[in-house]
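Notes follow once the structure below has been shown.
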Amino acid sequence: MKKTEQLDSLFAEWRSVLGPDGDRFIADGIIHEPSYLNAPSKVLFLGKEPHDKQGGGWDFREEWPKDPNWKHAQQIKRWSFGILNGFPAWEEAVSPPENTLMKVATMNVKKTGGGAASIYTDIEHH
């Protein structure tokens with residue numbers, strides 16, 4: 001079983017435990033498994049919670065490949081490019097020539113959306 005399939009199985013379980021809030025669950029993980037497995041290093045970015053006040057129910061792994069220009073995705077893309085390419089000059093990393101989002105994983109501790117500022121007790125609970 002692929003890593004993404006294992007994660008999907010875990011997420012299905014997690015959603016069921018959340019009950020009615022399971023519809024607000026925002027999935028994440030390895031953005032593109034073949035690219036991740038071929039990357040020179042395995043990189044995981046750990047976040048607190050997705051910034052989403054609309055109600056969730058979406059998946060980073062589907063959204064970021066379609067539109068890697070989200071503000072947060074742009075930052076992760078720059079950091080990924082630097083880490084995976086030996087920390088080149090900033091000028092090179094500002095607009096990376098490749099979409100390094102496909103080569104990394106990103107996960108949030110809390111799987112339902114929050115606002116611009118996280119509430120520490122919510123994060124601690126998760």
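Numbers below:
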read-out	value
Check on LEU37, of a type in the set (A, V, I, L, M, F, W, C), in contact with a Lys or Arg (Cβ under 9 Å, 6 or more places away or on another chain), surrounded by fewer than 17 Cβ atoms within 10 Å (Cβ to Cβ) and modelled with pLDDT of 90 or more	yes
Pick from segment 65-106, criterion within 23 Å of PRO50 (Cβ to Cβ), touching a residue at least 40 places away in the same chain (Cβ under 8 Å) and of a type outside the set (D, E, K, R), ranking: surrounded by the fewest Cβ atoms within 10 Å (Cβ to Cβ)	ILE83
GLY29 being in contact with a strand residue (DSSP E or B) (Cβ under 9 Å, 6 or more places away or on another chain), at positive phi and modelled with pLDDT under 90	no
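Condition check ((1) part of a helix (DSSP H, G or I); (2) among the charged types (D, E, K, R); (3) in contact with a His (Cβ under 9 Å, 6 or more places away or on another chain)) across all residues:
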position	(1), (2), (3)
SER16	yes, no, no
PRO20	yes, no, no
LYS42	no, yes, no
GLY57	no, no, no
GLU63	yes, yes, no
HIS72	yes, no, yes
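The values are calculated or read from the model by the stated rules, or taken from the named source; none is laboratory data. The structure presented is a predicted model; accordingly, all values stated were derived computationally and were not measured. As a convention, Cβ positions derive from the backbone with ideal geometry for all residues, glycine included, and neighbour counts pool all protein chains shown.
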